[in-house]
Amino acid sequence: DPEQQLRKEGKFNTGVVGEMDLFFRARNGDLIICELKRQSDDQTIGQLCRYWGWAKEHMAQGRHVHGLVLAQEVGETLRYAIKATNEGITFRQLTLDVSMGPATR
């Protein structure tokens, strides 16, 4: 329900397995589930897999589903858990640099 999802401030509520941080549809139609974390460990993979299974069953309709973890810090347990998956979970370290230019009037 698009109206319900708008009130979730960017999260996608599955209603069954929790709220996905971000849920995208790529240009080619593939689905991408993104988990945002400050510190990430192997429990993140379990969480992502729950969302993945739900998306494959309820949303994919023959499209591929991909998982993406964006985190500031990555624990060793996450690195090993990602290596054990063959489905296509990707990790990217999240860094944010902010700079402000001169004020304009």
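Remarks
- Scanning the stretch 48-72 for residues that are open to solvent by 40 Å² or more (accessible area, probe 1.4 Å) and in a loop (DSSP other than H, G, I, E, B) yields M59, Q61, G62, R63, H64.
- Residue match in the stretch 36-45 (condition: exposed (fewer than 12 other Cβ atoms within 10 Å of the Cβ) and not basic (K, R)): yes
- For the stretch 14-24, the set of residues classified as open to solvent by 10 Å² or more (accessible area, probe 1.4 Å), part of a strand (DSSP E or B) and touching a residue at least 24 places away in the same chain (Cβ under 8 Å) consists of F23 only.
- Close contacts from the stretch 50-74, counting a first residue that is within 17 Å of D30 (Cα to Cα) and a second that is part of a helix (DSSP H, G or I) and open to solvent by 100 Å² or more (accessible area, probe 1.4 Å), with Cβ to Cβ under 8 Å and a gap of 6+ residues or different chains, come to V65/K56.
- Residue satisfying all of: in the stretch 73-90; closer than 17 Å to R50 by Cβ and not in a helix (DSSP H, G or I); modelled with the highest pLDDT among these: I89
The values are calculated or read from the model by the stated rules, or taken from the named source; none is laboratory data. Remember, it's a predicted structure, so these values are computed and weren't measured experimentally. Note that each Cβ is placed from the backbone with ideal geometry, even for glycine, and that neighbours are counted across all protein chains shown. Please note that ligands, DNA and RNA were not included when accessible areas were found on the heavy atoms of the full protein model with its side chains. Shrake-Rupley method; radii C 1.70, N 1.55, O 1.52, S 1.80 Å.
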